[in-house]
1. Taking only the alpha carbons of segment 312-359, what extent do you get along each of the three principal axes, in Å, biggest first?
2. Subtract the Cα-Cα distance of Asn420 and Lys260 from 0.36 nm times their separation in residues, and report this length gain in nm to one decimal.
3. Would you please report the Å³ per residue occupied by the convex hull of the alpha carbon atoms in segment 380-446?
4. Using the structure shown, select from Lys169/Lys432; Lys174/Lys354; Lys174/Lys360; Lys354/Lys432; Lys234/Lys278 the pairs with a Cα to Cα distance greater than 22 angstrom.
5. If I model a spin label as a point 7 Å beyond the Cα along the Cα-Cβ vector, how far apart are those points for Leu39 and Glu17 in nm?
6. Relative to the present Cα-Cα distance, how much length would full extension add between Leu396 and Tyr317 at 0.36 nm per residue of separation?
7. Taking only the Cα atoms of segment 253-340, how large is their convex hull per residue, in Å³?
8. Please find the FRET efficiency linking Asp49 to Leu452, where r is the Cβ-Cβ separation and R0 is fixed at 35 Å, and quote it to the nearest 0.05.
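Computed from the coordinates by the stated procedures, all read-outs in this text should not be read as laboratory data. What you see is a predicted model; the values in this text were computed from it and never measured. Here Cβ is always computed from backbone atoms with ideal geometry, including for glycine, and neighbour counts include all displayed protein chains.
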Amino acid sequence: MITLKESLKLPQEEIAEIRRELLREIEERREIGAYVEQLTDQEISQYMDGIPIAIKDNIQVNGWEVTGGSNILQGYIAPYNATVINKMLNNGLAPMGRTNMDEFAMGSSTESSFYGVTKNPHDFSRVPGGSSGGSAAAVAAGLAIAALGSDTGGSIRQPASFCGCVGMKPTYGKVSRYGLGAYSSSLDQIGPITQNVEDAAILYDILAGHDPKDSTSANIEHAKVSDCLNPDKKLTIAVIENYLAEASDDVREKMQEGIKALEKAGHKIIYKNFINSKYDIATYYVIATAEASANLSRYDGVRYGNRTSNESLKEMYLSSRSQGFGEEVKRRILLGTFVLSSGYYDAYYIKAQKARHFIKHQYEAIFEEADLIFTPVAPTAAFEFGSKKDPLEMYLSDIYTISLNLAGLPGISVPLGKNNQGLPIGGQLIAKAFYEQDLFDGAMSLERELALK
Ligand code: GLN
């Protein structure tokens, strides 16, 4: 598949031809389920001259259906473009098709989508990761040059790791959330899923920058990273020892190879530990569900979402939401409502906010000595469909990715190689807030060194 960098040099006729080829390929390989449904005429022909980029089904493209993978939004047409879509259009890129995702971005496997599952292109019996599983599968299967995903607790990085592509989550506030279906507003960020690190930097540069339409957007000038990529920069990189100890054998082995590659590239490796990281999951799931319960209250069949017909108003609210939402989304709304209820607010929500600060401080302490942190992306490679029936077990697959969102930091998932079952395994680099340049430089040196092996 042609890279984003290469496609930026092509004349418009060739781009249109690539788009046509991709559309043929997508139809032929519908079995993967990377895209949510048959592409509409509008999705096919509206933007023939822009470099086609696959879009997660929670990012609005004016006039296109957008559903967040949910039943409740079936038939909902986006009334405006998300800021990231306008930025793409201004830079010669264009949306192409909606990719599958866990309902309202809640999940780590893309199994909770209303549209059904997406298959991991490396092994059809396994999940592509989630929640941006469709975007990662599309890039990995050669069904997209690059894709947009959203990351609240790992939903870009973890599917990228499971599918063997690069996925990057920007510093909180770097990329506008205007036009992104909100899951947990203090954690959500849109970011690129690409075939390589340089493409991720190029797409990130296009997406990033201040947006007055998003009140949490950082009001600072965006310095382009893709123009200054320097894989020869020597950095100090901290490895989190207790994370390595907890990961599965194949992940640990690939991580060791990654550490060796980073050393060989001339970086200095130091070892650190995260104290009490076992509470990260609890902290995340209290905060994320609290925010989600508030954000999803708008889908009530009156303001947004499909309405059922009932005798009374109360019944209508109840049945619209009961029929519209899937099981995992309901679980999270209940959990979020519970932790915010007046009797439990201090015990759960306030406690989680304190824990969030503690996590942020731990990162700051490590970043006094290190430029980057290197960790696994997920504790295992891609798992089989239906293998995580207990929701808590599913939540554990986010153990290495969520703390970064809680601290607002940027992170990138880089393929480290495959295990002996042929499944990709990714490594994660984390940088200080707004130090995306270091992040991409380090990631590029890791990618280059591993390719030389
Ligand atoms: N798997 C995590 C969750 O279910 C992260 C999802 C995400 O990043 N959108 O909340």
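1. Cα spread of segment 312-359 along its principal axes, largest to smallest: 45, 21, 11 Å.
2. 55.7 nm
3. Numbers: hull volume 5.6 nm³, N = 67.
It comes to 84 Å³ per residue, whole-number rounded.
4. Values: Lys169/Lys432 12 Å; Lys174/Lys354 24 Å; Lys174/Lys360 18 Å; Lys354/Lys432 20 Å; Lys234/Lys278 32 Å.
From Lys169/Lys432; Lys174/Lys354; Lys174/Lys360; Lys354/Lys432; Lys234/Lys278, over 22 Å: Lys174/Lys354; Lys234/Lys278.
5. If labels sit at Leu39 and Glu17, their model points lie 1.7 nm apart.
6. Extra length available between Leu396 and Tyr317 comes to 25.2 nm.
7. 166 Å³
8. Details: r = 38 Å, r/R0 = 1.08.
About 0.40, to the nearest 0.05.
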